Amino acid sequence: MRHASTRTAKRLGLLSGAAALAVTGASLLPQQAQAGPGDFQRGPDPTEQSITAERGPFATAQTTVDGPTFKKGTAYYPTDTSQGTFGAVAISPGFVSPEAVVSWYGPRLASQGFVVLTLETNSGTDQPDDRATQLVNALDFLVQSSSVKDRIDPNRLAVMGHSMGGGGSLKASELRPSLKAAIPLMPWNNDKTWQGDRVPTMIMGAQNDAIASPASHAKPFYDSLISAPEKAYLELRGQGHMVAISPNVTIAKYSIAWLKRFVDEDVRYEQFLCPAPAPNQQISEYRNTCPTG
């Protein structure tokens, strides 16, 4: 019995040693790098002046993009690659609207540190679901096959859209829950229920919108976003449906802040979102869940 006990003890000792060696060896193996706070920050510390400026700190260029699963578009991108890759956002215009009406977002957002693709939809009469498919297809083409793919972090993507394009951006968020942010602008969609949408979403409405009135579209959409980790609703005072198709400082400011906060995880921009801005000459109403750092 004593010999059996001795053999057992030796066996247990060997097993313990092997386990310890395995743990030690595992700790010596290369570990996959995890992104930490600030890893995706691009550009200098933001100020009210920098976020409302017509151009941000990055010089930009643009190129025409033709993809097999969407009609065409224009990619705007920072020329500087010294800070690493950038997040990307695809933007759809609204019903019977050409790409040109959303083209102002391209250099404005790209100069703040994003790759931006403005779309020419397959048809002017494409419905929101069609526009949603084109948005996600365009993002896939950007990161997989486009001439700017090496500038993009494929894990940090977002969508925007105006009117039916805004309704499309809500649907795109359902189709692609890995998106980091969505910004529907004066969104129009017959579907009012987005309980399954899990993408941080800022909806912008226009107080005097007679086409997609906030009471019938933007506000019900916002209220239905019960699964979104963060959400906000911004209503532009005295404005109508077409306010988003030409340069607007308020739209640009809060779009940049939302994309920076959730695509770049850049908490430096939280100051523009939380505490919520009070109603003023530009904003008639603002609701949010207040992002947390």
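The values are calculated or read from the model by the stated rules, or taken from the named source; none is laboratory data. Computed from a predicted structure; not experimentally measured. Ideal geometry is used to build each Cβ from the backbone, glycine not excepted, and the neighbour counts take in all protein chains shown. Calculation scope for accessible area: heavy atoms of the full protein, side chains included, ligands and nucleic acids excluded. Shrake-Rupley method; radii C 1.70, N 1.55, O 1.52, S 1.80 Å.
Here are the numbers:
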{"quantity": "Subset of region 220-244 [open to solvent by less than 40 Å² (accessible area, probe 1.4 Å), of a type outside the set (G, A, S) and not in a helix (DSSP H, G or I)]", "calculated": "L225, E230, K231, Y233, L234, E235, L236"}
{"quantity": "Subset of region 152-201 that is charged (D, E, K, R) and open to solvent by 10 Å² or more (accessible area, probe 1.4 Å) - its residue that is nearest to A244 (Cα to Cα)", "calculated": "K171"}
{"quantity": "Sole exception among (1) out of contact with any Pro (no Cβ under 6 Å at 6 or more places or on another chain); (2) open to solvent by 50 Å² or more (accessible area, probe 1.4 Å) for A53, by number", "calculated": "(2)"}
{"quantity": "Residue within region 207-219 that is under 20 Å from G168 (Cβ atoms), open to solvent by less than 10 Å² (accessible area, probe 1.4 Å), touching a Pro at 6+ places or on another chain (Cβ under 8 Å) and free of Cβ contacts under 8 Å to residues at least 40 places away in the same chain present", "calculated": "yes"}
{"quantity": "G56 vs. criteria over 18 Å from V143 (Cβ atoms) and small (G, A, S)", "calculated": "yes"}
{"quantity": "Some residue of region 166-173 being hydrophobic (A, V, I, L, M, F, W, C) and in contact with a helix residue (DSSP H, G or I) (Cβ under 8 Å, 6 or more places away or on another chain)", "calculated": "yes"}
{"quantity": "Single match in Y254, Y269, Y286 (criterion: within 18 Å of M186 (Cβ to Cβ) and buried (at least 18 other Cβ atoms within 10 Å of the Cβ))", "calculated": "Y254"}
{"quantity": "So R108, is it in contact with a helix residue (DSSP H, G or I) (Cβ under 6 Å, 6 or more places away or on another chain), modelled with pLDDT of 95 or more and open to solvent by 10 Å² or more (accessible area, probe 1.4 Å)", "calculated": "yes"}
